[in-house]
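Shown next, in structure tokens, is the structure this report addresses.
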Amino acid sequence: MENLFDLRGRVALVTGGNGGIGLGMARGLARAGAGVVVAARNAEKSRAAVEELRSLGADALAIGVDVTDEPSVSAMVGEAAAWRGRIDILVNNAGINIRKPAHDLSLDEWRRVLDTNLTGAFLCSRAVHPHMKAAGAGKIVNIGSMLSIFGAAFGPVYGASKGGIVQLTKSLAVTWAADNIQVNAVLPGWVDTDLTRRGREEIPGLDAKVLAGTPAGRWGRIDDFAGIAVFLAGAASDFLTGTAIPLDGGYSSLL
Ligand code: NDP
């Protein structure tokens with residue numbers, strides 16, 4: 001029987017794959033046999049991530065990209081497609097946060113977060129679509145958040161961007177189902193990364209709140225995201241599309 005979790009011969013493009021959750025997913029995809037393109041702005045971090053993936057035995061490549069910039073996204077997808085002649089999997093993981101209540105948020109800050117988290121996912125998805133359509137198959141994994149579900153005083157624009165990710169996921173899923181492209185979202189709970197390390201500095205009491213609110217009793221680790229990346233990237237999820245799956249140690253289930 002076919003191994004539903006075998007990604008050998010496939011190519012995955014992971015935006016923000018040079019650290020945090022993106023790197024956790026990239027490691028999972030690499031271990032399952034996929035070639036991985038790490039796409040982000042910081043060339044030094046991307047080089048180190050690629051070196052690590054190669055040390056796992058994977059085929060890996062770094063490409064510089066700013067997901068907010070349309071020409072940069074087209075160039076990235078062109079280069080990624082030319083690398084091994086295919087793009088089978090896109091993980092839209094690049095993201096930022098500016099934690100401020102709405103009354104303190106400037107228009108420029110609002111736009112910066114939406115451009116990265118939501119418009120970036122749109123631009124990358126639109127750019128890979130012709131490659132996946134021509135190949136007759138594809139997988140897109142979008143990264144949402146607990147703020148796709150909940151509201152927070154410090155997260156008006158982040159929440160708007162991550163709520164938007166869920167609806168973008170559904171629209172792309174129904175539009176591209178006929179092209180045999182499955183599009184799903186993962187909604188991480190609280191995960192220990194650079195992003196939340198900054199959050200812990202900016203939001204007093206966050207650490208205790210996360211531990212109390214997460215039934216698993218711990219912060220997520222980036223390697224907690226390896227398995228779902230493999231599942232959503234491979235044959236195991238071929239009839240799953242348009243979903244938003246919390247991966248949160250139970251955070252969103254606790255009253
Ligand atoms: P990190 O800050 O570690 O990772 C963010 C990644 O995005 C970096 O690799 C960064 O690389 C990349 N990135 C940011 N802006 C751009 C851009 N304009 N173009 C290309 N790449 C960009 O944080 P996390 O791993 O925590 O975040 C990853 C995703 O997970 C984000 O979408 C975040 O919103 C989401 N998330 C995280 C949670 C958590 O608890 N940590 C919870 C819920 C969701 P570089 O700087 O090199 O460009």
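Which numbered condition trips up Gly234, out of (1) within 22 Å of Leu118 (Cβ to Cβ); (2) touching a Leu at 6+ places or on another chain (Cβ under 6 Å); (3) buried (at least 21 other Cβ atoms within 10 Å of the Cβ)?
Failed condition: (1).
Any idea which of (1) surrounded by fewer than 17 Cβ atoms within 10 Å (Cβ to Cβ); (2) among the small types (Gly, Ala, Ser); (3) within 18 Å of the chain's Cα centre (by Cα) is the one Ser161 doesn't satisfy?
(1)
Among the residues of region 11-23, are any surrounded by fewer than 24 Cβ atoms within 10 Å (Cβ to Cβ) and either in contact with a strand residue (DSSP E or B) (Cβ under 6 Å, 6 or more places away or on another chain) or of a type in the set (Ser, Thr, Tyr) (or both)?
Yes: region 11-23 contains one or more residues that are surrounded by fewer than 24 Cβ atoms within 10 Å (Cβ to Cβ) and either in contact with a strand residue (DSSP E or B) (Cβ under 6 Å, 6 or more places away or on another chain) or of a type in the set (Ser, Thr, Tyr) (or both).
Looking at Ile63, Ile89, can you tell me which residue is more than 14 Å from the ligand (Cβ to nearest atom) and under 19 Å from Val141 (Cβ atoms)?
Only one candidate qualifies: Ile89.
Condition first: among the aliphatic types (A, V, I, L, M) and surrounded by 15 or more Cβ atoms within 10 Å (Cβ to Cβ). Now tell me which residues in region 97-135 satisfy that. Before the answer, list the steps.
Applying the first criterion (among the aliphatic types (A, V, I, L, M)) to region 97-135 yields 98, 102, 105, 107, 113-114, 118, 121, 123, 127-128, 132, 134-135.
Across region 97-135, the qualifying residues are Ile98, Leu105, Val113, Leu114, Leu118, Ala121, Leu123, Ala127, Val128, Met132, Ala135.
Consider only pairs whose beta carbons are under 6 Å apart and that are at least six residues apart or on different chains; among these, list those whose first residue lies in region 195-221 and is within 20 Å of Gly95 (Cα to Cα) and whose second residue is in a loop (DSSP other than H, G, I, E, B) and away from the ligand (no atom under 11 Å from the Cβ).
Final answer for the pair search is Glu202/Arg99.
Restricting attention to region 173-192, which residues are under 15 Å from the mean Cα position of the chain (by Cα), under 14 Å from Met132 (Cβ atoms) and either within 13 Å of the ligand (Cβ to nearest atom) or of a type in the set (A, V, I, L, M, F, W, C) (or both)?
Val183
Scan region 115-129 and report the pairs whose first residue is in contact (Cβ under 8 Å) with a residue 12 or more places away in the chain and whose second residue is part of a helix (DSSP H, G or I) and more than 10 Å from the ligand (Cβ to nearest atom), with Cβ atoms within less than 6 Å and a gap of 6+ or a chain change.
Leu118/Gly164; Leu123/Glu70; Ser125/Leu172; Ala127/Ser74; Ala127/Val77; Val128/Val77
Could you name every one of the helices (runs of 4 or more DSSP H) located completely within region 63-177 that has at least 2 residues being of a type in the set (Ser, Thr, Tyr)?
Fully inside region 63-177 and qualifying: 70-84, 156-176.
Quick one: Ile149 ticks every box in (1) within 13 Å of the ligand (Cβ to nearest atom); (2) out of contact with any Pro (no Cβ under 9 Å at 6 or more places or on another chain) bar one, so which box is it?
(2)
Looking at region 6-19 only, could you name the residues that are over 10 Å from the mean Cα position of the chain (by Cα), within 7 Å of the ligand (Cβ to nearest atom) and of a type in the set (Gly, Ala, Ser)?
Gly19
Here, each number is a calculation from the coordinates, and none is a lab measurement. Here the structure is a predicted model, which is why all the values come from computation and not from measurement. Note: ideal-geometry Cβ built from the backbone for every residue, glycine included; neighbour counts use all protein chains shown.
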